[in-house]
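One structure below.
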Amino acid sequence: FSGLSEDEIDDLNHVWHRLSPWADSVEGLTMLKSKFIIAPQSNGNIALMVNMAKFGGLPWDAILGAEVVGHYKPQPQAYLNACAALGLRPDQVVMTAAHNGDLQAAARQGLRTAFVARPNEHGPSQTTDLSATADYTFVADTFVDLARQVGCS
């Protein structure tokens with residue numbers, strides 16, 4: 001970062017806080033929120049998740065993650081503690097992700113699962129997580145598709 005001021009370096013380091021959501025996210029999550037709790041469980045910190053929600057208009061009800069549950073995904077207790085924080089049993093929760101490993105770890109703890117495809121998440125050369133690789137509860141192309149599958153309109 002030679003030649004950058006401290007403020008410029010700080011701004012660059014916080015670019016993750018200003019990521020635009022996927023085009024379907026706000027609409028699909030809003031549809032889902034009409035019937036369900038929307039609570040992302042990220043290994044990112046709470047400040048990051050709050051800033052992403054504010055910047056992108058994401059309609060989350062709560063933010064879960066390592067700071068709240070005391071564990072990082074894919075540790076089993078991360079999923080179980082997240083369910084407990086919401087007062088729900090694992091079978092009452094649908095872990096939704098574009099990452100097969102995350103969903104498989106959640107399923108091993110008794111959570112239901114939803115794979116939402118994000119074929120360009122890792123850039124144009126992405127080779128993993130292009131499609132569901134297990135028998136998930138739901139498989140969707142977008143959050144709008146998922147919302148429709150579970151009866152939200």
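The values are calculated or read from the model by the stated rules, or taken from the named source; none is laboratory data. Because the structure is a prediction, the values reported are computed rather than measured. Because the Cβ atoms are built from the backbone with ideal geometry, glycine has one as well, and the counts that use them run over all protein chains shown. Accessible surface areas use protein heavy atoms only, side chains included; no ligands, DNA or RNA. Shrake-Rupley method; radii C 1.70, N 1.55, O 1.52, S 1.80 Å.
Restricting attention to the range 66-87, report how many residues are surrounded by fewer than 21 Cβ atoms within 10 Å (Cβ to Cβ), farther than 22 Å from Phe143 by Cα and out of contact with any Pro (no Cβ under 7 Å at 6 or more places or on another chain). Working first, answer last.
Keep residues of the range 66-87 that are surrounded by fewer than 21 Cβ atoms within 10 Å (Cβ to Cβ), which gives 66-72, 74-77, 80-81, 84-87.
Those left that are additionally farther than 22 Å from Phe143 by Cα: 66-72, 74-77, 80-81, 84-85, 87.
From what's left, out of contact with any Pro (no Cβ under 7 Å at 6 or more places or on another chain): 66-72, 74-77, 81, 84-85, 87.
Looking only at that region, the number is 15.
Return yes or no: is Ser125 surrounded by 14 or more Cβ atoms within 10 Å (Cβ to Cβ), of a type in the set (S, T, N, Q) and at pLDDT below 95?
Working: surrounded by 14 or more Cβ atoms within 10 Å (Cβ to Cβ): no; of a type in the set (S, T, N, Q): yes; at pLDDT below 95: yes.
So Ser125 fails the test.
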Exercise for review: State all residues of the range 1-34 that are farther than 25 Å from Ala140 by Cα, assigned to a loop (DSSP other than H, G, I, E, B) and not small (Gly, Ala, Ser); if no residue qualifies, say none.
Suggested key: Phe1, Leu4, His14
Practice item. Sort out which residues of the range 1-29 are open to solvent by 70 Å² or more (accessible area, probe 1.4 Å), touching a residue at least 12 places away in the same chain (Cβ under 8 Å) and hydroxyl-bearing (Ser, Thr, Tyr), and write them in order of number. Key: Ser20
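I'd like the full set of residues that are more than 25 Å from Leu58 (Cα to Cα) and either at pLDDT below 95 or open to solvent by 80 Å² or more (accessible area, probe 1.4 Å) (or both), limited to the range 129-150. Can you show your working first?
Filtering the range 129-150 for residues more than 25 Å from Leu58 (Cα to Cα) gives 133-135.
Result: Thr133, Asp135.
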**Study point:** All positions within the range 35-65 that are surrounded by fewer than 17 Cβ atoms within 10 Å (Cβ to Cβ), in contact with a Leu (Cβ under 8 Å, 6 or more places away or on another chain) and part of a helix (DSSP H, G or I)
**Key:** Phe55, Gly56
Practice item. Scan (1) in contact (Cβ under 8 Å) with a residue 40 or more places away in the chain; (2) in a loop (DSSP other than H, G, I, E, B) for the single condition Thr96 breaks and write down its number. Key: (2)
Point to revise | Of the criteria (1) out of contact with any strand residue (DSSP E or B) (no Cβ under 6 Å at 6 or more places or on another chain); (2) open to solvent by 50 Å² or more (accessible area, probe 1.4 Å); (3) charged (D, E, K, R), which one Asp102 fails | key: (2)
Practice item. Read through the list (1) of a type in the set (Gly, Ala, Ser); (2) surrounded by 18 or more Cβ atoms within 10 Å (Cβ to Cβ); (3) at pLDDT below 95, then give the number of the only condition that Ser153 fails. Key: (2)
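Could you list all residues from the range 66-75 that are not in a loop (DSSP other than H, G, I, E, B) and not aliphatic (A, V, I, L, M)? Outline the logic, then answer.
Of the range 66-75, the ones not in a loop (DSSP other than H, G, I, E, B) are 66-69.
Passing the criteria: only Glu67.
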